[in-house]
Each structure stands twice: as C-alpha cells, then as structure tokens.
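Here's the structure, in structure tokens; my notes come after.
Just so it is clear, none of the values below were taken in a lab; they were calculated from the coordinates. Since the model is a prediction, treat every value here as computed from it, not as a measurement. Here the Cβ is made from the backbone with ideal geometry for all residues, glycine too, and neighbour counts use every protein chain on show.
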C-alpha cells in the first residue's frame, strides 16, 4: 500500500511516518509538507520507503497533484485545512483520515458523509489519540450495552522528564491555547451546549503512573461525532475533560489569561503588528531543545460509558495507557497521537474498515482489530465494569466528585 502523510514533517506526523515505515504492508510513504527541507529530512531518517514532496495544504489543486495514485491520505496538518484536503481526496477518490477538527470543523466534515459514500471511499475523522483511540474505547463499551445514556471522555497526561528545557510543550502550543480559551461545546440532555473554558473541574482517579489529577472541559471533537453514531441507543450526554500536568497547566493558563491565545493583531511598535498567538508559537519554536532529555511520561485515555444491559444500569471504564517508547523513540503523547492514524489508514486499505462515508472512529473502526494493533506498539487497553447495588443510578457518586 502507498500512503501520503500531509504535514509529515510535524512533531506528531513524523511519528506517523516512522510507524508506517515499520509496517511491512506499507510499500511507499510520501512525506508532504510546506517545509520541504524538513520533509526531506524526515523521509531520509525513515528509510528507502519514504520520499518527500512540497505541498501547500490550503491549495486543493496542489494537494490533488501530490496525492494522486496513492491509497490513503493521513492529514497531519492544522485542522484549518481539513476541508481543503478532503475536497482533494473526494476528487481523486482516495481514502482519508486526520487528527481532528476541534469540534466546529469536524461538524462541517461530517456533512461530507454522503459525498464520500457515493464516491466509494472512507474518511475516518479525528483519528489521533483523543479524539480517535478514545472513540474506539467508547465503542467497545457501547457495543456491550442495550442503551447508552452518558459517555465521559477523559485524557490525563503526566510528565516526569528530566530536561534543561524551561518550557517543554507536548503538542502544538496554538492548539493548546485554543483548548484553553475557546468555549467548549458538550452534549447535554440531547443537545449541544457551550460552557465556560476550563470549567467543570473534577478530580479524576486515573490509573498509575498518573493517579489522581484535576480535569476540566476543553473544546474537542468527541461531542461532535458520538451523538450521531449512538442516537438510536438513546445517548443523551457526551463530555470531554483534559488533565495536563499541574505545573504546565498553570503556565498555559497564565499565558492564555494575559492574551497570548489571541489571533488579533496588536501593534508592538510603530508600523509593526503581530498576533500574540503567532508570537508565542515563534518564541517556543526558537527555544533550544535538550537533546539529552530523559523522557519519562504517560498519556492516559479513558472512556466512561453509562447505560443499561438487560434492564440493569451498568458503567464501563475503558482505559488505554501509553508511555514513552524506546523502539519508536518518542514520548507518550507522540505515540498516542501519531500511531493511531497510521493504524487506521492501514486498516482502511487492507479492508478492515469497510464502511464508506465520513465519520468518527466510533462508527467504522473495529475495536478488537484496533486494540491488537495498539498492543503491538506497547499501548494496552484495560476494561472495568461496575453496577450500583443499593440504587439504580450512578448519580449520587458522580455528584460527590464535583469540586
């Protein structure tokens, strides 16, 4: 199979390229990026299967020329180009997956479901770790229930890396700032409701090595795709909460609160205007990297699914735990984000994903096959089942968790 990785020179997508290069079924990988020199370096690092190309993902016609003749496109670029790339894939009749659309773009992408179905191709939307793997965790539980009321989607991150870096950022600082400032949209009582950024603070007892950590609402795509998939099972609520390391969280919150998330130009001196978010991104990119850092971190994905089975209220908790990976030479965040689109792109081309259209991973990705692939990459899934004994509801214990 032949796979294109758009934005393949980026932090997460370069891991996607590495994972594809380790896969026997993949015969050719095109690393396409606006930064051609960086794309060429990534291609050279990952062996003879890889080659590099320049591509401006905002230019649909250029994307068409770049991807023509390939089996699947993995879009690792900013979510702002998702619709342009999907348009190119539709016209070339090539399968597609990406890392997410930050809710609003995802909703627009879902409108292309019929067009992709009629073209006979598949677009698995938002196929990183979260959204992505976490949707498949939820699917595993939903498949075992007769009805579903609530899906709680939780991401917990821990970092104990020994480094000289003053401020080490696990993924795009622009995305993090958006997650901290854009009003989150949750699915509550059968409709989408926006809430205050960083509200809903809750202490989550994640598995070790993380343990208890505070999580809050952020803008994410799970509340966009899940309601459409499980409406017939009665789904009423979908919530997403994020728990970052506390010290890192506090630094980001400070930067967001003083305006560094803003995309509005400000005059820094006469005749010179800059966007604070761009300035912050540039400063972080220019900071020296610690080549001798001893990476030690974890990225935990959790789907809590509450529903009924044979008339009884049941709660499934499905966890996926990732750690730094020596074989792939990456952090847990890079592994959790970069490996899943590689897995799913290969599943699509192999025929393990047979549904056509544009949809979230919970609709078209088989959990059993996907979990086997995660395990090959040292990411493991654990399941717990609970049910109340003295009362037919989880409501009392949920209220006790609130801060």
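Couple of notes before you dig in:
- Listed residues 34, 167, 116, most fluctuating in the chain (Gaussian network, C-alpha, under 10 Å): 167
- Antiparallel %, DSSP beta bridges [both residues in the chain], to 5: 60 percent
- Listed residues 205, 237, 155, most fluctuating in the chain (Gaussian network, C-alpha, under 10 Å): 205
- Tail weight of P(r) past 39 Å, computed on alpha-carbon pairs of the chain, percent: 15 percent
- Candidates 105, 348, 134, ranked by Gaussian network fluctuation over the chain, Cα under 10 Å, top entry: 105
- Our note on the geometry: Cα centres of the stretch 301-359 and the stretch 163-179, 24 Å apart.
- For the pair residue 114 and residue 309, a Förster radius of 30 Å applied to the C-beta separation gives a FRET efficiency near 0.35, rounded to the nearest 0.05.
- Residues 74, 272, arranged from fewest to most other Cβ atoms within 10 angstrom of their Cβ, appear as 272, 74.
- Share of pairwise Cα separations in the stretch 290-403, more than 21 Å, in percent: 54 percent
- On a per residue basis, the convex hull of the C-alpha atoms belonging to the stretch 97-256 measures out at 132 Å³.
- Over the stretch 1-118, Cα pairs under 8 Å with separation of 6+ residues give a relative contact order of 23 percent.
- Alpha carbon centroid spacing (whole Å) that separates the stretch 84-156 from the stretch 228-244: 13 Å
- With R₀ fixed at 56 Å, the C-beta to C-beta distance from residue 143 to residue 164 puts the FRET efficiency at about 0.75.
- Theoretical ellipticity at 222 nm over the chain - DSSP helices of four or more residues, -39500 (n - 2.57) apiece, nearest 500: -10000 deg cm²/dmol
- With the convex hull of the Cα atoms taken as the outline of the stretch 211-314, the averaged projected area works out to 11.2 nm².
- Relative contact order (percent, whole number), the chain, Cα cutoff 8 Å, 6+ residue spacing: 21 percent
- Rg over Rh for the stretch 10-159 works out to 1.00, using Cα positions for both radii and the Kirkwood form for Rh.
- Each listed q (0.25 Å⁻¹) maps to a log10 I(q)/I(0) for the stretch 25-65, found by the Debye formula over equal Cα scatterers with no solvent: -0.79.
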